[in-house]
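Engineer: Structure below; questions to follow.
Every read-out reported here was derived from the displayed coordinates using simple, explicitly stated rules and does not represent laboratory data. Here the structure is a predicted model, which means the values were calculated and not measured. Positions of Cβ are backbone-derived with ideal geometry, glycine not excepted, and every protein chain shown enters the neighbour counts.
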Amino acid sequence: MIVKFNLKRLIISLIIPLAVGGLSAFITRGDMEIYKTVERPPFSPPSIVFPIVWSILYILMGISLYLIWNSDDHYTDKTFAYTLFGFQLFLNFIWSPVFFSANQYLLAFIILIVLWITVLLMIISFYKISKPAALLQIPYLIWVTIAGYLNIGIYLLNR
């Protein structure tokens, strides 16, 4: 089964997560300075690492979405995969304002737990449709794990 390349779908698939991430960053732009002032747990990366990693992860999300959308798998219902993708993107979007703008570190950590579970379920769902799409999300799951460590550490050290 040969699937044809679809540039329009690829562009749309890349724009969706990049736009959501960009909007979240725009909303919290001045508030992100809080990361430099709070007490952080050991092995906390410098703040410059975050926009680089998130940009890469949003691109990987977009490529995964494209692989699912462009898949010729007609036997699997893609609705659940799309729903998980959308829900994880929503959780991803709201985490930054909750953490950086509202300084609600415990609530942000709870959001990350739900995000982690959702990303795991998304990987499983994607795997049934496109193994490469699923594998491209493993760095995201790892990064959300790291974010969870940092988030709970900041909560515990700054309450």
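Engineer: Using a 10 Å Cβ count of at most 14 others and DSSP loop calls, identify the longest part of the chain lacking such chymotrypsin sites (Phe, Trp or Tyr not before Pro).
Structural biologist: Numbers: sites that count: Phe5, Phe43, Tyr75.
Between the exposed loop sites, the longest stretch runs 76-159.
Engineer: Any idea how far the Cα center of the range 32-96 sits from the one of the range 127-159, in Å?
Structural biologist: So the separation of the two Cα centres works out to 9 Å.
Engineer: Between Lys131 and Leu7, with labels modelled 7 Å along Cα→Cβ, what's the label distance in nm to one decimal, could you check?
Structural biologist: 3.1 nm
Engineer: Now, a different point. When the helices in the chain are scored as -39500 (n - 2.57) per DSSP H run of 4 or longer and the sum is shared across all residues, what 222 nm value do you end up with, to the nearest 500 deg cm²/dmol? Mind dumping the intermediate values first?
Structural biologist: Numbers: 7 runs with 114 residues, N = 159.
Estimated from H runs of four or more residues: -24000 deg cm²/dmol.
Engineer: Excluding same-chain residues fewer than 8 positions from Lys8, which lysines have a Cα within less than 29 Å of its Cα?
Structural biologist: Lys78, Lys128, Lys131
Engineer: If all Cα-Cα distances of the range 75-117 are sorted into 10 Å bins from 0 onward, what percent lands in each bin, rounded to whole numbers?
Structural biologist: Spelled out per bin, shortest first, that is 29, 43, 19, 8, 1.
Engineer: Only Cα pairs within less than 10 Å get springs; with that Gaussian network setup on the chain, which residue of Ala108, Ala147, Ala134 has the largest fluctuation?
Structural biologist: Ala147
Engineer: Another question, then. Quick check on the chain: what are the equivalent-ellipsoid semi-axes from the Cα gyration tensor, as sqrt(5λ), descending, whole Å? Present the calculation step by step, with values, prior to reporting the outcome.
Structural biologist: Details: eigenvalues 193, 48, 32 Å².
Sorted largest first and rounded, they come to 31, 15, 13 Å.
Engineer: Report the gain in length on full extension from Ile138 to Tyr82: 0.36 nm times residue separation, minus Cα-Cα distance, nm rounded to one decimal.
Structural biologist: On the way: separation 56, 0.36 × 56 = 20.16 nm, distance 1.72 nm.
Result: 18.4 nm gained on full extension.
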